[in-house]
Amino acid sequence: MILRILIAQINLRVGDVAANRDRVLAVMAEARDQQGADLVVFPELTLTGYPPEDLLLRPELLERVVAALEEIRAASQGIGLVLGYPKRDLGSLFNVAGFIYDGRLLAEYAKQRLPNYSVFDEKRYFQAGHAPAVVDFKGVPLGLLICEDIWEEGPTTQAVEGGARLLINLNASPYHTGKAPEREDLLTRRAREHQVPILYANLVGGQDELVFDGGSFVVDAAGQLTQRAPFFSEALMLVEVEAETKAEEQAAAKAGGGGVAGRLGLRPLPAAIAPHPAEEEAVYQALVLGVRDYARKNGFHGAVLGLSGGIDSALTLAIAVDALGADQVEAVLMPSRYTATMSIDDALAQARTLEVAHRLVPIEPAFQAFLGMLEGEFAGCAPDVTEENIQARCRGIVLMAISNKKGKILLTTGNKSEVAVGYATLYGDMAGGFAPIKDVPKTQVYRLAAYRNTLGPKAIIPQRVIDRPPSAELRENQTDQDSLPDYAVLDPILKRYVEEDESVARIVAAGFPEELVRRVTRLVDRNEYKRRQPPPGVRITTRAFGRDRRYPITSGF
């Protein structure tokens, strides 16, 4: 027999139980009526979206889930489905996968391994399950697992020892660079160890700073990849599994082939394998998806940003246009007395190439007004970074005013290197609603800009923007390297200190000058207060600032 299983790699909205229910019902109907599927598999916590965080503490959310689940159950005539939802039982809350078929709830599985590291906080909300769930579906024993369960040995072993011959793993696995091959390597090992095929259904879409990259896939009992859905887009992937029923297996066993048939009798048939995107392609797609979903899921239909003629704002503009469309993006050029003519020329060239609305709003009148207002306070004081910050805050006021007036989200343009060492102005260039490249190191900003220029018939980021030394242009002849080490040196130090938690001594032992390392790490430590105040941004590394890396502001460490 052939078991036809549809993996629903879909984009859900956290907390919108009604919309998520409707999406499940629509996919279920399409799977049954148009694709002839026997079973549909949805991602982890389908009905609430992931992660619902403290919404799980609200009783009305759980009430809505119960009502939605009842509607789905009643509509499931002639088809099976596996979907995720939270369930309260005897006073405890569980992360559950339910197996529904033909109007009946056949089984529920409670997630056993609750991740509580990095961006995950599941032990704050859920109790761990302890028992496997194996469902006999059309004569085939199917074992249910949820995300982290597959990363540890126990739940997988339980399911197989409970008789499962095919494992179904529901996931909400967020993206970071290198994550997709890591998942596939793990499931390859699990399938080989237990000699069972595994279906991996992943969520796709942006949720605050997280991006879920999809890439759902199937491995056979020998650990061979047989099918993979695309990355960073929704997909309904039909998987055909050639299966022996229990009766066929028993007949094979009587004929002397029971040992092999029992282990390898389920064969996912080979189908399309979507390619893994290269690193820069994957990062760029994650940034675009993160911006698109953050804006749209929060009710924004357009974006505004400051376009300086520098590399960071140039890349941010490209991402915004690819995410929302050129007609939904506005660029504002805000030159000061220190802005080079080439900066204005390059910004205008990019805005025209991308065909975005753009305008010139010089900040000199506002800057002069502030200096006049503060003349008495500043009497006897030499100009310093204070005047630089006033310029940045003038720009922040202009952009926030446009954002407020037009209902467009303000995208900030700071990168991870700047955020790490505090090379940014509170209430100035840090002001905004979303920070697309907040987790992108400066050296990668350049690589992403070069990558984006390869995608169309012509470059959209002027080459001069990529080639010229970066500058905030807040004083005469300023460059970033007046205040910071070269980014080619700074970024590796930051990666070791921020993402890998290496000590000063270990970083120095890797070949970096001790004085420089101590200077950089001091900058990181003392600017924690700034990193508590900027908007969220897309996470692409293994350790992003925000919910991923939580350090005290006040510390004697």
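The values are calculated or read from the model by the stated rules, or taken from the named source; none is laboratory data. Keep in mind that this is a model prediction, so the values were computed, not measured. Here the Cβ positions follow ideal geometry from the backbone for every residue, glycine too, while neighbour counts run over all protein chains shown.
At a glance:
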item	result
Residues that are out of contact with any Asp or Glu (no Cβ under 9 Å at 6 or more places or on another chain), touching a residue at least 40 places away in the same chain (Cβ under 8 Å) and not in a strand (DSSP E or B), drawn from the range 329-375	Met334, Met342, Asp346, Ala347, Ala349, Gln350, Ala351, Thr353, Leu354
Single match in Val304, Val283, Val288 (criterion: modelled with pLDDT of 95 or more, touching a helix residue (DSSP H, G or I) at 6+ places or on another chain (Cβ under 7 Å) and farther than 22 Å from Lys416 by Cβ)	Val304
The range 419-468, subset within 30 Å of Arg532 (Cβ to Cβ), out of contact with any strand residue (DSSP E or B) (no Cβ under 9 Å at 6 or more places or on another chain) and β-branched (Val, Ile, Thr), residue surrounded by the fewest Cβ atoms within 10 Å (Cβ to Cβ)	Thr443
Of all residues making up the range 172-214, the number that are within 15 Å of the chain's Cα centre (by Cα), more than 24 Å from Gly98 (Cβ to Cβ) and outside any strand (DSSP E or B)	8
Only one of Arg165, Arg183 that is basic (Lys, Arg) and buried (at least 24 other Cβ atoms within 10 Å of the Cβ)	Arg165
Only listed residue being in contact (Cβ under 8 Å) with a residue 12 or more places away in the chain, of a type in the set (Asp, Glu), in the same structural domain as Gln444 (by TED's automatic domain parsing) and within 17 Å of Thr412 (Cβ to Cβ), chosen from Asp293, Asp312	Asp312
Any hit, the range 28-50, residues being in contact (Cβ under 8 Å) with a residue 60 or more places away in the chain and part of a helix (DSSP H, G or I)	yes
Selection count where residues are out of contact with any Lys or Arg (no Cβ under 7 Å at 6 or more places or on another chain) and either surrounded by 17 or more Cβ atoms within 10 Å (Cβ to Cβ) or hydrophobic (A, V, I, L, M, F, W, C) (or both), scope the range 354-375	13
Enumeration of residues in the range 1-20 that are crowded, with 22+ Cβ neighbours inside 10 Å and assigned to a helix (DSSP H, G or I)	Val17, Asn20
Positions within the range 339-386 being under 17 Å from Glu473 (Cβ atoms), of a type outside the set (A, V, I, L, M, F, W, C) and under 37 Å from the mean Cα position of the chain (by Cα), in sequence order	Thr339, Ser343, Asp345, Asp346, Gln350, Pro362, Thr386
Of residues in the range 225-257 being in contact with a strand residue (DSSP E or B) (Cβ under 9 Å, 6 or more places away or on another chain) and among the polar types (S, T, N, Q), the one modelled with the lowest pLDDT	Thr245
Residues satisfying the stated conditions in the range 455-489, i.e. more than 21 Å from Val440 (Cα to Cα), acidic (Asp, Glu) and touching a residue at least 24 places away in the same chain (Cβ under 8 Å)	Glu473, Glu476
Number of positions in the range 490-547 that are among the polar types (S, T, N, Q) and in contact (Cβ under 8 Å) with a residue 40 or more places away in the chain	4
Set Asn116, Asn169: member being within 25 Å of the chain's Cα centre (by Cα), of a type outside the set (D, E, K, R) and not in a loop (DSSP other than H, G, I, E, B)	Asn169
Pick from the range 376-415, criterion among the acidic types (Asp, Glu) and in a helix (DSSP H, G or I), ranking: surrounded by the fewest Cβ atoms within 10 Å (Cβ to Cβ)	Glu387
